[in-house]
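Q: I have a structure I would like to understand better, so I am pasting it below and will then ask my questions one at a time.
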Amino acid sequence: MSSIIPARQGAKADWMSNLAAVVGVNSDDYFVEASQAAALTAAVGAFVSAMNVINNPSTKTKTTVAAKNTAEAAAMAICKVMIGAIRPNLQISDQMKVAAGIPPINGRTPVPPVTVRPAVDIVSVTGRQVTVSIHDSASSVKRGKPAGAIAAYVYAFVGTTYPSDPSMWAFNGAATKSKYDVNFPESVANGAQVWVCAAWVNRRGETGPVSVPISTNVQGGGVNATANMKIAA
């Protein structure tokens, strides 16, 4: 999968920009949720902007290079999920895959959706950044993905009571590792109660059941606390 994405920085940025542009305009045809297409566009845009900063000798510093590396990793993660979802989907034509920069494949055995929900634990809260651990709820160790899962889609909500309507949750991104940082914007009030949940996704972009939402408070006036509650199916 990584070989599909060019290794050279300039070519990588061009490839990602094309993927974001093509999927962003035709998200329904690529079976990608609008919120996920928007997250792809945002992640790629952040990477390209960070690249432009370090390409200017007057603004290239250790700090801006580190920011570029962080943005690149985030863009790579969601692009890999998009490749995994689009490439094996037989409902997407080979021509459309090529247009998105994704070479088609043939004869792959279908992968069913993951049938178990992930477990999500809060690791830490720093300002408006909530770090969570996402792992296989059926595993005896708090790490790893279940068979068939390539990542977890992470969703967030701000409020005292989380909604049962899935459309009211904001898609935050794709977690490919066990630890994931959920960053809430500055517009979120100090001490506000926030919620996080996740669902495993397979290489076809099909999601499994949603995790039990967990809650905490962002810093700046609230008291951190966690609570487990069940989300409506």
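The values are calculated or read from the model by the stated rules, or taken from the named source; none is laboratory data. Since the model is a prediction, treat every value here as computed from it, not as a measurement. Positions of Cβ are generated from backbone atoms using ideal geometry, with glycine treated the same way; all protein chains shown enter the neighbour counts.
Q: Looking only at segment 15-35, decide whether some residue is without any contact (Cβ under 8 Å) to a residue 40 or more places away in the chain, out of contact with any Phe, Trp or Tyr (no Cβ under 7 Å at 6 or more places or on another chain), in a loop (DSSP other than H, G, I, E, B) and closer than 17 Å to residue 76 by Cα. Don't jump to the end; show me each part of the working.
A: Let us first name the residues in segment 15-35 that are without any contact (Cβ under 8 Å) to a residue 40 or more places away in the chain, namely 17, 20-21, 24-25, 27-28, 34.
The next check asks that each one be out of contact with any Phe, Trp or Tyr (no Cβ under 7 Å at 6 or more places or on another chain); those that pass are 17, 20-21, 24-25, 27-28, 34.
If we keep only those that are in a loop (DSSP other than H, G, I, E, B) as well, we get 27-28.
Adding the requirement that they be closer than 17 Å to residue 76 by Cα leaves none.
No; the residues of segment 15-35 include none that is without any contact (Cβ under 8 Å) to a residue 40 or more places away in the chain, out of contact with any Phe, Trp or Tyr (no Cβ under 7 Å at 6 or more places or on another chain), in a loop (DSSP other than H, G, I, E, B) and closer than 17 Å to residue 76 by Cα.
Q: From (1) in contact with a Gly (Cβ under 7 Å, 6 or more places away or on another chain); (2) modelled with pLDDT of 90 or more, pick out the condition that doesn't hold for residue 51.
A: (1)
So that you can scan it fast, the table gives a plain yes or no per residue for (1) without any contact (Cβ under 8 Å) to a residue 24 or more places away in the chain; (2) touching a helix residue (DSSP H, G or I) at 6+ places or on another chain (Cβ under 8 Å):
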| residue | (1), (2) |
| --- | --- |
| 9 | no, yes |
| 53 | yes, yes |
| 68 | yes, yes |
| 73 | yes, no |
| 95 | yes, no |
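Q: When both residues are 6+ apart or on different chains and their Cβ atoms are under 9 Å apart, which pairs have a first residue that lies in segment 112-138 and is at positive phi, and a second that is assigned to a loop (DSSP other than H, G, I, E, B)?
A: 127/184; 127/218; 127/219; 127/220
Q: Is it the case that segment 137-151 has a residue that's exposed (fewer than 14 other Cβ atoms within 10 Å of the Cβ), closer than 20 Å to residue 204 by Cα, under 17 Å from the mean Cα position of the chain (by Cα) and charged (D, E, K, R)?
A: no
Q: Something else: Give the residue, chosen from 59, 70, 63, that is part of a helix (DSSP H, G or I), farther than 19 Å from residue 14 by Cα and either of a type in the set (Val, Ile, Thr) or under 18 Å from the mean Cα position of the chain (by Cα) (or both). Working first, answer last.
A: Working: 59 fails: part of a helix (DSSP H, G or I); 70 fails: farther than 19 Å from residue 14 by Cα.
Answer to the selection: 63.
Q: While we're looking at this one, here's another question. crowded, with 18+ Cβ neighbours inside 10 Å, assigned to a helix (DSSP H, G or I) and touching a helix residue (DSSP H, G or I) at 6+ places or on another chain (Cβ under 7 Å), is that true of residue 85? Walk me through it before giving the result.
A: Values: crowded, with 18+ Cβ neighbours inside 10 Å: yes; assigned to a helix (DSSP H, G or I): yes; touching a helix residue (DSSP H, G or I) at 6+ places or on another chain (Cβ under 7 Å): no.
Taking the combined requirement at face value, the residue does not satisfy it.
Q: Would it be correct to say that residue 162 is modelled with pLDDT of 90 or more and touching a helix residue (DSSP H, G or I) at 6+ places or on another chain (Cβ under 9 Å)? Spell out the reasoning first.
A: Working: modelled with pLDDT of 90 or more: yes; touching a helix residue (DSSP H, G or I) at 6+ places or on another chain (Cβ under 9 Å): yes.
Spelling it out, residue 162 is indeed modelled with pLDDT of 90 or more and touching a helix residue (DSSP H, G or I) at 6+ places or on another chain (Cβ under 9 Å).
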